[in-house]
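Engineer: Sending over a structure as C-alpha cells; questions will come in a sec.
The values are calculated or read from the model by the stated rules, or taken from the named source; none is laboratory data. Please read these numbers as outputs of a predicted model, since none were measured by experiment. Positions of Cβ are backbone-derived with ideal geometry, glycine not excepted, and every protein chain shown enters the neighbour counts.
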Amino acid sequence: MSDQQKPMLAIVGWELLRLGAVAFGGLGATLALLQRGLVDRRGWFKEQDISEALAMTQPLPGSTGIQVVSYLGWRLRGWPGAIVAAVAFIAPAAAMMIAVAAASLALPDEPWVRGAVNGIQVGVVGLLVAAMWRLARNQAKNAILAAVLLTSCVLGFFVHAVLIVVGAGLLGALLGKEKSDG
C-alpha cells in the first residue's frame with residue numbers, strides 16, 4: 001500500500017474505535033471483526049495480513065488481540081498508527097468494563113444480572129468457534145497444514161501453547177526447507 005493509499009491517522013483511529021466498541025469475545029471474535037472491518041469493509045489489508053499479524057504476535061506475552069491491532073496500526077501508519085489503533089480499540093472496552101463492574105457491584109444478587117452474564121459467555125463461545133473455524137479453513141490449505149492444525153488442536157488440551165507454537169514453527173521451517181531443496 002503506497003503512502004497515498006494509506007488512510008489518515010484519524011480514520012484509522014475512528015475505525016478501530018468503532019471495532020473496539022463491538023469486539024466482544026476475546027481473540028477469535030476480535031480477529032473476525034478485524035477481518036470484516038479492515039479487510040472486507042475497508043480493503044486496507046488482505047486476509048493473509050490478519051493471519052500474519054496473529055503469527056507475529058501470538059508468541060509474545062500479553063494480550064494477543066491488542067498486539068494484533070497495534071501491529072496492523074503500525075502497518076498502516078507506523079508508530080503513531082500503532083499507538084492510535086491500540087488506544088482507540090481499548091477505549092470502548094475500558095469504559096464498558098467500568099460500567100459493568102459498577103453495575104455488578106451495585107446489583108450483585110439480581111438474577112437477571114447473573115443470567116445476562118451467562119448468556120454473554122455462551123454467545124462469546126459461539127463467536128470464538130465461528131472465528132476459529134474461519135481462520136482454520138483459510139490457513140490449512142493442504143493436507144500437511146491440515147494435519148498440523150488438527151495435531152495442534154489435540155495437543156492444545158495437554159501441552160503448553162508455547163511448545164505447540166514453537167513445534168509447529170520448526171515443522172513449518174523443516175517442510176519449507178525440504179520444499180526449496182526439492
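Engineer: Quick test of your reading of the structure: Phe24 fulfils all but one of (1) crowded, with 16+ Cβ neighbours inside 10 Å; (2) hydrophobic (A, V, I, L, M, F, W, C); (3) at pLDDT below 95. Name the failing condition by number.
Structural biologist: Just one mismatch for Phe24, condition (1).
Engineer: Which residues, taken from segment 1-21, are modelled with pLDDT of 90 or more and not small (Gly, Ala, Ser)?
Structural biologist: Across segment 1-21, the qualifying residues are Pro7, Met8, Leu9, Ile11, Val12, Trp14, Glu15, Leu16, Leu17, Arg18, Leu19.
Engineer: Would you confirm whether or not segment 136-143 contains a residue that is at pLDDT 80 or above, over 23 Å from Leu38 (Cβ atoms) and loosely packed, with under 10 Cβ neighbours inside 10 Å?
Structural biologist: Yes, because at least one residue in segment 136-143 is at pLDDT 80 or above, over 23 Å from Leu38 (Cβ atoms) and loosely packed, with under 10 Cβ neighbours inside 10 Å.
Engineer: For segment 1-21: of the residues being exposed (fewer than 14 other Cβ atoms within 10 Å of the Cβ) and of a type outside the set (S, T, N, Q), which is farthest from Gly123 (Cα to Cα)?
Structural biologist: The residue in question is Asp3.
Engineer: Can you go through Pro92, Pro80 and tell me which one is in contact (Cβ under 8 Å) with a residue 60 or more places away in the chain, surrounded by fewer than 17 Cβ atoms within 10 Å (Cβ to Cβ), more than 29 Å from Val166 (Cα to Cα) and not acidic (Asp, Glu)?
Structural biologist: Of the residues listed, the single one that is in contact (Cβ under 8 Å) with a residue 60 or more places away in the chain, surrounded by fewer than 17 Cβ atoms within 10 Å (Cβ to Cβ), more than 29 Å from Val166 (Cα to Cα) and not acidic (Asp, Glu) is Pro80.
Engineer: Being surrounded by 12 or more Cβ atoms within 10 Å (Cβ to Cβ) and assigned to a helix (DSSP H, G or I) is true for just one of Ala146, Ala101. Which residue is that?
Structural biologist: Exactly one residue qualifies, and that residue is Ala146.
Engineer: Say whether the condition of being at pLDDT below 90, more than 22 Å from Val125 (Cα to Cα) and surrounded by fewer than 16 Cβ atoms within 10 Å (Cβ to Cβ) is met by at least one residue in segment 34-44.
Structural biologist: No.
Engineer: Looking at (1) at pLDDT below 85; (2) farther than 17 Å from Ser51 by Cα, which one does Trp133 not meet, given that it meets all the others?
Structural biologist: Answer for Trp133: the failing condition is (2).
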